[in-house]
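Right, one structure below, let's go through it.
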Amino acid sequence: MAARRTPRAWLAGLARAERHYLALAVIAGLAVGLLTIAQMATLAWLVTSMLIEGDDPSSLVAGFAILVVMIVLRALAQWGQESAGLTASLRLRARARRELLDHLERLGPVGLADHHTASLANRVVDQVEALDGHVARFLPQMCLAVVIPLVILVVVAWLDWLAALFLLLAAPMIPLFMALVGMGAEKLNREQFDTVSRLSRHFIDRVRGITTLQLFGAGARATRDVYAAADDYRKRSMRTLRLAFLSSAVLEFFAAVAIAVVAIYVGFGLLGYIRFGPAEELTLFSGLLVLLLAPEFFQPLRTLSQHYHDRAAALGAAEGMVTLLDVPPPRGEQAPSLCRTDALFELDAVTVSYSERGRVLGPLDLTIRPGEILGVSGPSGVGKSTLLQLLAGFVAPSSGECRTAADLEVAWMDQRPLLIHGSLADNLRLAAPEADEAALRQALQRAGLGELLATLPEGLATPLGEGGVGLSGGQAHRLALARVFLSPAPLVLLDEPTASLDDDSEARVLEAFSGLVEQGRTLVIASHRAAPLALATRRLSLVADREGERRQAEEVAND
């Protein structure tokens, strides 16, 4: 079993892929620091020239021009630093989101059954966006917070080693408090992201069930529940912000005290009240330059402390994403072998087991041949849906061998078909993105929705709500069937396709199934109802043994 990844290791792996852009951000940041030192030295020289040397400002035009050029170059370097950091962040977030989406695809509908769609959306959208500050600002600033203060410390030590000593003694206070604050900030951010996920699930569940809540007169109570969940999120957000502002205030206090100590030393040294060490050698140029560089010495550390909360937010978000990425996919990583005959599927002593439920299917021997209609029957819980999930590739066999035809495509129609918020055309194009309007109309006609389409003023542009709001149950099933007609897949898997339909709707859907057979498709229908199974050319009856632990299959001819 592979070791579980940590959020830090996962983020570090993503950041390594963007090291070139991060290096550019660091180089641009170093340029900003060096230009700042040169700018302060030029400013101190200009002030000394005018106040001590008595030079006329008109004779210092070259110095003022150099100062303006440095300001412009510094602005360009800052733009380069932010651009490189933002590019690295965009690329890293795209890579993280792609990794999450690929993993969700590997999990499939079976692996995602225990995950709420609101939590998944929160991780793919909000938690991925929370990585922005960590990459764009914190990671480059980690290097700059070490290098730039060291360069400034060397310059200050060259001017006055005692002032440099004051800065050196005060510098560790900021990283110390950053570490202390970070211990609590990471936990708070992790709890905050968990709260957002719960709030999202809570809100979406109430919206989806709003009709039922109104029918039972529970709308006011549901509103109070949503308000309570939102208020809990508000309190947790304020705790995180309170910690951020408090830590910033403490860090600013220590930086201000250190700068004040240096200012007092420079002032009293220039007045001649301090005669210790290099104080007697202080000049207006050296003293003013030391005083100007003191805030710049702490600025990289203060900036790092500000972005330290971006790091805590990123680690809190990464915790949830890594937890999702560590969920093993139910389908196997290894592709199934090819059939030895012209069959579409061959199962040899195949079983499917789950750790919490034990064996749910098999041992099963089954061959599915082109052009046939296989009806699968049996009591609830015997493994009919599991068999279809196995054929669709959503789960992997626990034992036995599963063989499939080369490049086999599968169409799937569930008893609760997925319909998205969008138009009729949008829902149809889930199966065939490149289908033109004529193909869409033909598919609806074959599925028995031609009359309905003719009565819709907006035609294919008619909007639907999530889950098919605006259509009856039978119409939703026929819309899903129209997608099957659009799909070129030779194998069609139908799981309880008429479970919630009335007799008239069921008859129309079954008639459409006959149209699939005329296309040369192979159908596998799992159902409790007799009418869908009556279409089958071959029947597979799944039964449980007396102990109810292992499943076995009996094939019977269809009369």
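Quick note: the coordinates plus some simple rules give every number you see, no bench work behind them. This structure is a prediction, so every number in the text was calculated from the model and none was measured. All Cβ positions, even for glycine, are placed from backbone atoms using ideal geometry, and neighbour counts span all protein chains on display.
Coupling constants for the range 90-95 follow from the phi torsions by the Karplus curve (6.51 cos²θ - 1.76 cosθ + 1.60, θ = phi - 60°), and in residue order they are 4, 5, 5, 5, 5, 5 Hz; glycine and proline get x. Across all directions, the average flat footprint of the convex hull enclosing the Cα atoms of the range 337-557 is 12.7 nm². Dipole orientation for the range 8-325: of the candidates Gln214, Leu165, Ile274, Gln214 has the Cα lying most toward the positive pole (charges on Cβ; Lys, Arg +1; Asp, Glu -1). Dividing the Cα radius of gyration of the range 8-325 by 2.2 N^0.38 Å, with N the residue count, gives 1.33.
Computed about its Cα centre, the charge dipole of the range 337-557 is approximately 280 debye, with only Lys, Arg, Asp and Glu carrying charge at their Cβ. Near the amide H of Ala396, within less than 5 Å, lie the amide hydrogens of Arg331, Gly332, all on another chain or at least 5 residues away, with H placed in the peptide plane.
When the Cα positions of Thr341, Thr537, Thr223 are compared along the charge dipole of the chain, Thr223 comes out farthest toward the positive end, with charges on each C-beta of Lys, Arg, Asp and Glu. Residues whose amide H comes within less than 5 Å of that of Tyr354, counting only those at least five positions distant or on another chain, are Arg359, Val360 (H built at 1.01 Å from N in the peptide plane).
As a ratio to 2.2 N^0.38 Å, the alpha-carbon radius of gyration computed for the range 277-343 takes the value 2.78.
Computed about the Cα centre, the dipole magnitude for the range 8-325 is approximately 1460 debye when only Lys and Arg (+1) and Asp and Glu (-1) carry charge, each at its Cβ. Between the beta carbons of Ala263 and Arg106, assuming R0 = 60 Å, the FRET efficiency works out to 0.50 to the nearest 0.05. Simple rule: put +1 on each Lys or Arg Cβ and -1 on each Asp or Glu Cβ in the range 345-465, find the dipole, and look at Leu430, Gly371, Gln389; the Cα lying farthest toward the positive end is Gln389.
Peptides 537-543, 475-481 ranked from most to least packed give 475-481, 537-543, packing being the mean of other C-beta atoms within 10 angstrom over each peptide's residues.
Axis of helix 284-325 versus longest Cα principal axis of the chain: the two differ by about 10°, to the nearest ten degrees. Spin-label model, Leu90/Glu518: points 7 Å from Cα along the beta carbon direction are separated by 5.2 nm. Here, P(r) means the percent of Cα pairs in each 10 Å bin from 0 to the largest distance; for the chain it is 3, 13, 17, 18, 14, 11, 8, 7, 5, 3, 1, 0.
Could you give the length gained on full extension between Ala461 and Leu270, defined as 0.36 nm per residue of separation minus the Cα-Cα distance, in nm?
Details: separation 191, 0.36 × 191 = 68.76 nm, distance 8.06 nm.
Between Ala461 and Leu270, full extension yields 60.7 nm more.
Of the peptides 224-233, 81-90, the ranking by mean beta-carbon count within 10 Å, highest at the top, reads 81-90, 224-233.
For Ile71 and Arg98, what does the FRET efficiency come to when R0 = 45 Å and r is the distance between their Cβ atoms, rounded to the nearest 0.05? Calculated value: 0.65.
Kindly state, as a whole number, the per residue volume in cubic angstrom of the convex hull around the alpha carbon atoms of the range 75-115.
Numbers: hull volume 1.8 nm³, N = 41.
Normalising the Cα hull of the range 75-115 by residue number yields 45 Å³.
Computed extension gain for Asp342 through Arg239, at 0.36 nm per residue and net of the alpha carbon distance, reaches 30.6 nm. Annotation for the range 444-463 versus the range 129-173: alpha-carbon center distance of 67 Å.
For the range 229-235, the Karplus equation 6.51 cos²θ - 1.76 cosθ + 1.60, evaluated at θ = phi - 60°, returns couplings of 5, 5, 5, 5, 5, 4, 5 Hz by residue, with Gly and Pro reported as x.
Over the chain, dividing the summed -39,500 (n - 2.57) contributions of all DSSP H runs of at least 4 residues by the number of residues returns a 222 nm mean residue ellipticity of -20500 deg cm²/dmol.
Taking a ≥ b ≥ c as the square roots of the eigenvalues of the Cα gyration tensor of the range 317-453, is the shape rounded (a/c under 1.5), prolate (a/b larger than b/c) or oblate? Could the numbers behind the result be given before it?
On the way: a/c = 1.93, a/b = 1.34, b/c = 1.44.
In terms of gyration-tensor shape, oblate.
The stretch between Ala406 and Ser423 holds 2.7 nm of extra length on full extension. This uses 0.36 nm per residue minus the Cα-Cα distance. Normalised by residue number, the volume inside the convex hull of the Cα atoms of the range 391-521 is 123 Å³ per residue.
Charges only on Cβ, +1 for Lys and Arg, -1 for Asp and Glu: so what's the dipole of the chain about the Cα centre, in debye to the nearest 20?
Working: 51 positive and 59 negative charges, 210 e Å.
Its charge dipole is roughly 1000 debye.
Each peptide in 423-433, 22-32, 306-316 was scored by the mean count of other Cβ atoms within 10 Å over its residues; highest first, the order is 306-316, 22-32, 423-433.
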